[in-house]
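Accompanying notes for the structure given below.
The values are calculated or read from the model by the stated rules, or taken from the named source; none is laboratory data. None of the values given here were measured: they were computed from a predicted structure. All Cβ positions, glycine included, derive from the backbone under ideal geometry; neighbour counts span all protein chains shown.
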Amino acid sequence: MITLFWQGIHQEIDKLCGRIPPDTSGIYGIPTGGSFVALLVSHQTGLPVLDVPRNRCLVVDDLIDTGDTMRRFDKYARDALYRKPHSPIDLCPYATQVDDWITFPWEHDTGPADAVTRLLEYDGPSRELNHWLILKDEPHKETVILDGITQLRQIVERAWWQYVTLV
């Protein structure tokens, strides 16, 4: 198992920033790990973080494994920090190859936010967030999901400020 720290992530962010296409209009991060990558790339380049992918954006993630998630974004430029040896070669070929389990600095908290994020990751950008916020058959779950999204935002903010204090 490889446990990554912010310093190592920052080095990989430097590499990724060197690969950004010159006409890139913004950065979209695939939740959850890609959101951190997008924030760090934005901080370094000044490119805006996007809430949805759009024309000429770069879609980023922390790790490419099977490639299933990244394939959902075929019409956009794509990159990642890391890839596995078995990852499809056409996806993020210049990402650093790692043949071990990786623990990222932002993977220390769990709870409802993780469940919400996994749902959003699984469903991808094809559905709108409102689908998850409005559950007509079970209205009591709306509060749980909203709480999960709030917790996710808090996790991202806490990790971001931890990172900022290190650099």
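The criterion of being touching a residue at least 60 places away in the same chain (Cβ under 8 Å), among the aliphatic types (A, V, I, L, M), buried (at least 22 other Cβ atoms within 10 Å of the Cβ) and not in a loop (DSSP other than H, G, I, E, B) holds for L16.
I'd like the full set of residues that are part of a strand (DSSP E or B) and without any contact (Cβ under 8 Å) to a residue 60 or more places away in the chain, limited to the stretch 81-99.
Matches in the stretch 81-99: R83, Q97.
Residue-by-condition table, conditions (1) modelled with pLDDT under 95; (2) closer than 16 Å to I20 by Cα:
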{"residue": "V52", "(1), (2)": "yes, no"}
{"residue": "C57", "(1), (2)": "no, yes"}
{"residue": "V60", "(1), (2)": "no, yes"}
{"residue": "D68", "(1), (2)": "yes, no"}
{"residue": "C92", "(1), (2)": "yes, yes"}
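Can you confirm whether the stretch 105-125 contains a residue that is of a type in the set (A, V, I, L, M, F, W, C), modelled with pLDDT under 90, in contact with a Phe, Trp or Tyr (Cβ under 9 Å, 6 or more places away or on another chain) and in a loop (DSSP other than H, G, I, E, B)?
Yes, that holds for at least one residue.
Residues that are of a type in the set (G, A, S) and farther than 18 Å from W101 by Cα within the stretch 3-40 comprise G18, S25, G26, G29, S35, A38, listed in sequence order. Which ones in the stretch 60-83 are farther than 22 Å from G8 by Cβ and either hydroxyl-bearing (S, T, Y) or surrounded by 22 or more Cβ atoms within 10 Å (Cβ to Cβ) (or both)? Residues satisfying the conditions are T66, T69, Y76.
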